[in-house]
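A short write-up of the structure that comes next.
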Amino acid sequence: MLETLPAELLTEVYRDACTDTGSTGRSLSLVSRYIRATSAPLKYQSLALFGRKQILEFASSLDNLKLPPKTRWLYINGQESQAELDKLKEDWEKREGVHVARARAQQRMVAMADAVVAILRRVAPTLEHLHIALNEHTGAQIGQAGLIDVDLPKLVDLTTCGGGLPLNVVLPPNAPHPLPRFYRCLTLRSLHIVSTRVQGSLVFHPFELSAGLTGFAPDLTHLRLSGFTANEQLILDIADGLGVDPFQLPIQAKTTRTTLQSIVLHPAPPLKIRMRPLDKSDEMNMREAEDDDLIEHCRMLDVIRWLRQRDDCVVLLKTLEEDTLVGGNHYLDEWLHKASGNAWVLDASSIDNVPPEEL
């Protein structure tokens, strides 16, 4: 039946259909020569790449495409769990020694960084929604691979996990140490930074840099931070950027507050050490670390609640039940929801409405 329809009408059908991980586009190309030819421009309109193998294979196939991929929604999960990385390192060290293992690890990071850069360069003209998850070292390597010069002229929505976009660490000429630097994205409206307990400090950089969030996204309207661990200073930095003292009267706005309409905060749960203690002393140290983190966590929640009372753009979500783990396909359902043309809406039951404690 599809073969009887004109190409112009089929294009509209494909535009509505190709909004998943890419499976629909691939299936259409197998129907017939006519359907393959007419669906080709929208085959990669929505695309999800899971794992190193898929990322490298897609990057290597780009030169063989007759048409540039008109990708609007892209999901890249290039994170490998720490267990996977440790296993690779252990195998390499057993077979080839420590020095060769280090070289192999470096080559692996460079290959992944090069592949991600190649993909983003090709889809840049049409890309609107990007979810990107990379290991910390791969994210840092991207700066040296030249992504800092990639222009994403239509990007409006970015979710970043672990490292890289929108912040990278680069080594300018004659600089003694690597410096944090933002990619500029003038069209960006929504930014979601997802952190893990291992990578927790990465979420703080946007509020430590003098340029602030407005340095790379001057028209940002929605900011969301997820999975960050207990850190009162992070919240005070956000408050400072909003020009609000959580405990006193509003103060002079500094860097962040211009176009922001909402800041959604979704903290990680208090520390829970999963390792078995070696002895009684080790057990006591673990309990002390958990107790200290719980105290800091509760203190941070109170500061957020006070900030929420001072500025209604701040939304606190109930603490995550589990830590965000490196390597998981986090927020995939949300990305698919957006690819289907739907806006992400907060579930009212997930919002923390607990009043702040007296400080």
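The values are calculated or read from the model by the stated rules, or taken from the named source; none is laboratory data. Keep in mind the model is a prediction, meaning the values are calculated, not measured. Cβ: placed from backbone, ideal geometry, glycine included. Neighbour counts: every protein chain shown.
A few remarks follow.
- Of all residues in region 322-340, those satisfying the criterion of being assigned to a loop (DSSP other than H, G, I, E, B) and either buried (at least 17 other Cβ atoms within 10 Å of the Cβ) or modelled with pLDDT under 85 (or both) are E322, D323, T324, L325, V326, G327, G328, N329, H330, Y331.
- Residues that are within 19 Å of E334 (Cα to Cα) and crowded, with 16+ Cβ neighbours inside 10 Å, drawn from region 16-43: A17, C18, T19, D20, T21, G22, T24
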